[in-house]
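The values are calculated or read from the model by the stated rules, or taken from the named source; none is laboratory data. Please read these numbers as outputs of a predicted model, since none were measured by experiment. Using ideal geometry, Cβ is built from the backbone for each residue, glycine included, and neighbour counts are taken over all protein chains shown. Keep in mind that these areas ignore ligands, DNA and RNA; they rest on the heavy atoms of the full protein, side chains included. Shrake-Rupley method; radii C 1.70, N 1.55, O 1.52, S 1.80 Å.
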Amino acid sequence: MKKMTFVIEGMSCMSCKQTIEKRLKKQNGIKKVGINYEAKRLSITFDESLISIEHLKLELELLGYQLKTEKEAREDKKLILLAIILIAIIYFLFERVTPDFSGLLTSNQNLSYIILFIIGITTSFHCVSMCGSLALSQVIHHENQVKRNILYNLGRIISYTLLGGIIGLLGWFVTTDIPFFNLMPIILGIIMIVMGLSKFGLIRELKIPMFKLGRYKSKFQCQGPFILGLANGLMPCGPLQLMQLYALGTGTFIQGALAMFFFSLGTVPLMLGLGLFLNKLSAFSRTFVFKLGAILIIFLGINMTLNGLTTIGFGSTLSLQTESRIEAEMMEGKQVVEFDLGRRNYEEIVVQKGVPVELIINASQGTLNGCNRTLILKDFNLKSDLKVGENVIKFMPTKTGTFTYSCWMGMIRNTIKVID
């Protein structure tokens, strides 16, 4: 008799454990089977003359699981981690070179549905850092990830389309002016954090009551992706709000709905393709990616929450993006600060209290996009839509301190430090 310990990948519930135990105990040559569900480990005593390790692996593969030795598991983790790093690098480079056509939405031109579809494709790469955690939470799942991904994207399409129709019909309904929509990133960010903890296995240890809802939990797991997809349409996303302004100009329910429909279709391929790709991975690879994805969901959820807090005026020192520090120059009784707009950053500014400030931001065609084109100085009650060329923003700093200014989503932000 031989006793060995294996790693089992693909188990997502206690019924998986029971299914594997029942299948193995029926095999000739197996004397003892023990499964540690939390550690995903199988301890087995078997007769090598009657059953081989290859046969054990085959039996579990037929059930949809994968059996690995400790050494094989470690080697696979290294390969998968390298693959993930390579994919992340490729995505980062692709995101940098992908043009942002969202500026066409403000050109006062009637755009074809094909152009709106292309805008949806290109902006999906630029906005994955804002809404990516929502999509990732539906893709990174042990069961039915393709179905969940389809339901999530279906919810988004319906939400975008209906919202576009309402905006086109009513005209005044623009989410940037409704406080509730600024709270959505905070609400959804907290949901993402809880989901990430759950997927990583920490919710079980915390014994959070909301995850012990019996049949209601099962029902939510089925319909949850669709509901989150509907909520995604209410996110204060830069390109999405540019689309809302475009729908506003159509003046009709049908035209506004169609514009948003084709735009939303363009945002689908990126995340839907990721879901289909993950479905083709082995059980071990999926489980390893799920664990990494759970960590990423938690961090993205925290980032989304901080972004939301920034847009409503909290968290002035949280996750600030500082490229350089620019001090104001005194010119003819006023303070002048000038810098070139970056695609993903604003500059840290230092000014003096009690002297008028003239902030000059130079925006080129290549750097101005759906994310950075609207600047919010919450503490100075200013909101400015930037255009290509020179943009002049004037304000008076009346008290000392460090104040945040950001884009309309809170993703791109930095500080204005006011000194005596």
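Among the residues of the range 340-366, write down those that are surrounded by 16 or more Cβ atoms within 10 Å (Cβ to Cβ) and at positive phi. None; the set is empty.
On the stretch given as the range 3-17, residues that are farther than 12 Å from LEU67 by Cβ and within 35 Å of the chain's Cα centre (by Cα) total 6. Residues that are under 23 Å from LYS26 (Cα atoms), open to solvent by less than 90 Å² (accessible area, probe 1.4 Å) and part of a helix (DSSP H, G or I) occur at least once in the range 63-79.
LYS57 meets all of the listed conditions (1) open to solvent by 90 Å² or more (accessible area, probe 1.4 Å); (2) touching a strand residue (DSSP E or B) at 6+ places or on another chain (Cβ under 9 Å); (3) assigned to a helix (DSSP H, G or I); (4) over 30 Å from MET271 (Cα atoms) but one, namely (1). Among the conditions (1) open to solvent by 40 Å² or more (accessible area, probe 1.4 Å); (2) part of a strand (DSSP E or B); (3) free of Cβ contacts under 8 Å to residues at least 24 places away in the same chain, GLN18 misses just one, which is (2). Where helices (runs of 4 or more DSSP H) sit wholly within the range 212-303, none has at least 2 residues that are touching a strand residue (DSSP E or B) at 6+ places or on another chain (Cβ under 9 Å), open to solvent by less than 40 Å² (accessible area, probe 1.4 Å) and at pLDDT 75 or above.
Filtering the range 49-86 down to residues that are small (Gly, Ala, Ser) and over 13 Å from GLU9 (Cα atoms), which residue is nearest to the chain's Cα centre (by Cα)? Result: ALA83.
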